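Here the structure comes first, spelled out in structure tokens, and everything after it is commentary.
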Amino acid sequence: MGTRGYKVYRRKGWYHRIYNPWDSYPSGLGIELWHEVARGEAYRTWLEGFRDSLDKKLEELRTEADAADDPQARFDEYGDEDELIITRDRPENDLHIEWVYEIDTDNEIFYVDGFPLFNLQDMPPKNVFLRCIGYDSYGQRAHTAATPIRHRYTSRKVSYPPVSEELVQMYQSKHASGDVVTSLHQFDEILENPAKCEMVRLHFYQALMGSILKFGNVGSDIRNFELATDPWPLRKTQKLTTYLVQVAVEKRMTDMEEEWRRIPVPNEDSSWRWLREDLCMLWGTRLDDEANMQAAVADLFTRVTQTPPKAKTIVYGIIISLFHVVIVRVDLSASEESFKHTAALQFLPSFYAQSPSTLGITAVIRLGYALLCHDLDNLPNSPTYFGEHRHPGSVVGKVPTEIWTSIAGMLYRPADLTKLSLISRQSKFAAERILLYPMLVSESWPRKPALRLVGSAETNVPDATQVARGQDMVDEEFITLEEGKKKSEDADDARDNSNLSSAAFKINSDDSDQDLGGHHRFPLALPQCSFGIVCNIHEDLIAFTAE
């Protein structure tokens, strides 16, 4: 059976789709569309003529269908060889359609598989075109990193609403030397040296970020939302960033893939919200631009001071645009409120990342952990808060925190730890500390316990071919990365020589009765992984390697 695909032409938001039953790989159908694009001085004349021909074809089919006033209609035309369908929906790859090539005459972009790859005005030469269709670090369709810059599609600055001069002036009137912090520990609540649990949360979150970025619709949405002409893509992006921030600052950090995918896209703008009593979030745009960043900080400051939370003198804000993040600290304790903030920090990793780490991710994780620890350090002293008054003379209120910590370390179900936290102030402190560690949830959850990741590793990752079944209680040491190589036997496979990464988590080898039974999938991905991640168990290590 042939390699099936589509060739697509976009004009005024309409997609003209033609089915191709065979030879749809880049050297076949891809080169066919490459030949259609004029180059040099002939390009502009070709583009205008091609746009006119697409307009005429749409009008012709509209007239035949008597649907001139229906903006969402679908029009079909069946010829001797080609099947033409004109629709508002962008054609996508599926089980039967392996390749999709699109000439976007609206934005002058050449797409492959729904991803913008090339600048239509300056298409690469034929041999370069074939070499440059590849994948990014997350296995998404992309131009290769070696693609000449002039041939690449690059994100274009869209026409956002103008910056509010009033907000910029407010920012500048309150701005003073030292208001922009250069290190996170300049915020009083964040320690200079990260704690062990804090680093585990950070590394785990980086892997979870990868599990989101490896989904095709996410990568496509991120690359395309700035070209959108309606609010829907913006709301989808707001949904993604809101969830990423919520996971970073919530007490229980666990696998977020399935939960994130189930969350509906908001019907209204969700650019502002309170995440906790002392933490708010504001969606911003172009935070890497100084005026936009200043206006966003002033906007957040105004919102906080106009509706300040009760009994809170210090409030933090996270301003995020997906690509960048700014952390703001608002002090409400003085007679005149004040603020200080970070610079705009990169949040989303590069699609060609060699490391999952960014300054923005680190800042959000460290802030969330600092606020959670602040909650634990300020637990109420009243026995009635924990119900100790119901058991007068009981020793539970006298049991030291160290013993409760030992007990909590033996519990792996969050529900059990939650119950333990209700016994006394000391037990709550111990249980909540344990609950701050991330957890992996396997397909057998809740029948089997979650995997709790704790510690920081020095050990090497085992060879994936030697990994066998073992235990599922994660304890002791956390993560180490190992880069490897994969050489494809298929010369046409653009994944040739792509780097792979592995992550290992030390587990407790004493819990031999907790058997996962071999290979289990966890929705994790790390940069450089082009395929799905398989979790394998071997002796006292859990290894995550590319499939």
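So here's what we get for this one:
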item: Filter result for A334 (within 26 Å of G139 (Cα to Cα) and either at pLDDT below 90 or within 18 Å of the chain's Cα centre (by Cα) (or both)); result: no
item: Output for the stretch 284-302, where each listed residue is at pLDDT 90 or above, under 22 Å from L240 (Cβ atoms) and of a type outside the set (D, E); result: L287, N292, M293, A296, L300
item: Within the stretch 2-54, tally of residues that are part of a strand (DSSP E or B) and either open to solvent by less than 70 Å² (accessible area, probe 1.4 Å) or free of Cβ contacts under 8 Å to residues at least 12 places away in the same chain (or both); result: 13
item: The stretch 313-356, subset part of a loop (DSSP other than H, G, I, E, B) and aromatic (F, W, Y), residue surrounded by the fewest Cβ atoms within 10 Å (Cβ to Cβ); result: Y352
item: Within the stretch 55-86, tally of residues that are within 20 Å of G5 (Cβ to Cβ), surrounded by 13 or more Cβ atoms within 10 Å (Cβ to Cβ) and modelled with pLDDT under 75; result: 1
item: Residue count, the stretch 429-439 (criterion: open to solvent by less than 30 Å² (accessible area, probe 1.4 Å) and without any contact (Cβ under 8 Å) to a residue 60 or more places away in the chain); result: 3
item: Residues satisfying the stated conditions in the stretch 410-427, i.e. open to solvent by 30 Å² or more (accessible area, probe 1.4 Å) and either farther than 22 Å from L208 by Cα or at pLDDT 80 or above (or both); result: M410, L411, A415, D416, T418, K419, L422, I423, R425, Q426
item: Residue check, K310 more than 26 Å from L240 (Cβ to Cβ), in contact (Cβ under 8 Å) with a residue 12 or more places away in the chain and assigned to a strand (DSSP E or B); result: no
item: Total residues in the stretch 124-158, condition open to solvent by less than 10 Å² (accessible area, probe 1.4 Å) and over 25 Å from L213 (Cβ atoms); result: 2
item: Residue, modelled with the lowest pLDDT, within the stretch 372-398, restricted to residues that are closer than 28 Å to N193 by Cα and surrounded by fewer than 19 Cβ atoms within 10 Å (Cβ to Cβ); result: P380
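Let's see how each residue does on (1) of a type in the set (S, T, Y); (2) under 25 Å from the mean Cα position of the chain (by Cα):
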residue: E98; (1), (2): no, no
residue: D106; (1), (2): no, no
residue: P116; (1), (2): no, yes
residue: N127; (1), (2): no, no
residue: Y135; (1), (2): yes, yes
residue: S183; (1), (2): yes, yes
residue: E192; (1), (2): no, no
residue: C197; (1), (2): no, yes
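The values are calculated or read from the model by the stated rules, or taken from the named source; none is laboratory data. Keep in mind the model is a prediction, meaning the values are calculated, not measured. Neighbour counts are summed over all protein chains in view; Cβ atoms, including those assigned to glycine, are modelled from backbone coordinates with ideal geometry. The protein model used for the area step is the full one, side chains on, heavy atoms only, and it has no ligands, DNA or RNA in it. Shrake-Rupley method; radii C 1.70, N 1.55, O 1.52, S 1.80 Å.
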